[in-house]
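Notes follow the structure.
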Amino acid sequence: MAAAPRYKRILLKLSGEALQGTQGYGVDAEVLRTISEEVKEVVGLGVEVALVIGGGNIFRGLSAAASGMDRASADYMGMLATVMNSLALQDALEQRGVYTRVMSAIEMKEVAEPYIRRRATRHLEKGRVVIFAAGTGNPYFTTDTAAALRAMEVHADVLMKATKVDGVYDKDPHKHSDAVRYSRLTYLDVLARGLNVMDSTAISLCKENSLPILVFNMLGRDNIRRVVCGEELGTLVCAE
């Protein structure tokens, strides 16, 4: 018998870079297929799923700002990139029979619903996957912060950050063979040690509202279902 899910409602944060797979840019159809099939499996368990996707596979606002572009303009372009990724994932999910809504913090009614918190909650209650696009709708805030904010607004049980490594390490495991993975951390540990989990604004938001963060490897088959069902994969960031 399949394990019962530990969480009733989750917010899954995906990086834009994750969608590009082995390509250097854009969206890899195979990655979309894999993610959409795993999300479908989790929805089939009765879990309510919301998603936030970054836009770094198309445009990185910080990089553009560092090259001389106005930071606000660069961030708005990054937000538009997240809408493109959200529409791509919506299409992949709906091809697999998963009812999906894209809700954008920047109004573009021809392609997405405007973000309204109560409407988002209602979609989740009806079993629809909700993809939150365009970050917070404000420049100077990352999609990590948007994920933390949306997770709290819809009362998610956990914020799950899917990465290319299997948790949080004391240093880059790709560069250091002696890197040590943490199984559990407090919010203060992350902030004090400057660990690369999420930006400090997102961590502080989660800390103030006691929202647990689970960092895990999205590349392993069935990992999304496994963490939803309570298997101890990755790193849990929570209160004491």
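The values are calculated or read from the model by the stated rules, or taken from the named source; none is laboratory data. All figures in this text were calculated on a predicted structure; none of them were measured in a lab. Positions of Cβ are backbone-derived with ideal geometry, glycine not excepted, and every protein chain shown enters the neighbour counts. The accessibility values were calculated without ligands, DNA or RNA, using every heavy atom of the protein model including side chains. Shrake-Rupley method; radii C 1.70, N 1.55, O 1.52, S 1.80 Å.
Here are the numbers:
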read-out: Virtual spin-label span in nm between S200 and L188, 7 Å along Cα→Cβ; value: 1.7
read-out: Evaluated over the stretch 86-222, the Cα radius of gyration and Dmax, each in Å; value: 16.5, 51
read-out: Net charge dipole size for the stretch 1-71 [Lys, Arg +1 and Asp, Glu -1 on Cβ; Debye, nearest 20]; value: 300
read-out: Probe 1.4 Å, protein heavy atoms only - accessible area per residue of the chain in square angstrom; value: 48
read-out: Residue-count net charge about I58 - beta-carbon cut-off 13 Å; Lys, Arg +1, Asp, Glu -1; value: -1
read-out: When each of K126/K171; K8/K175; K109/K161; K109/K207 is checked by Cα-Cα distance, pairs over 30 Å; value: K126/K171; K8/K175; K109/K207
read-out: Listed peptides 19-29, 75-85, 175-185, 55-65 by packing density, highest first (mean Cβ within 10 Å); value: 75-85, 55-65, 19-29, 175-185
read-out: Relative contact order %, the chain, counting alpha carbon pairs below 8 Å whose residues are six or more apart; value: 22
read-out: Average projected area [Cα convex hull, the stretch 1-129], square nanometres; value: 9.1
read-out: Cα extents of the chain along the three principal axes, largest first (Å); value: 54, 49, 36
read-out: Cβ-Cβ FRET estimate between S63 and Y99, R0 fixed at 41 Å, reported to 0.05; value: 0.70
read-out: For K40, solvent-accessible area (1.4 Å; no DNA, RNA or ligand), Å²; value: 100
read-out: The chain - mean residue ellipticity at 222 nm from DSSP helices (-39,500 (n - 2.57) per run, n ≥ 4, rounded to 500); value: -11500 deg cm²/dmol
read-out: Mean shadow area of the stretch 138-203 over all directions, Cα convex hull, nm²; value: 5.4
read-out: Calculated FRET value between K40 and D170, using beta carbons and R₀ = 41 Å, to 0.05; value: 0.70
read-out: Carbon plus sulfur fraction of accessible area for the chain, probe 1.4 Å, in percent; value: 50
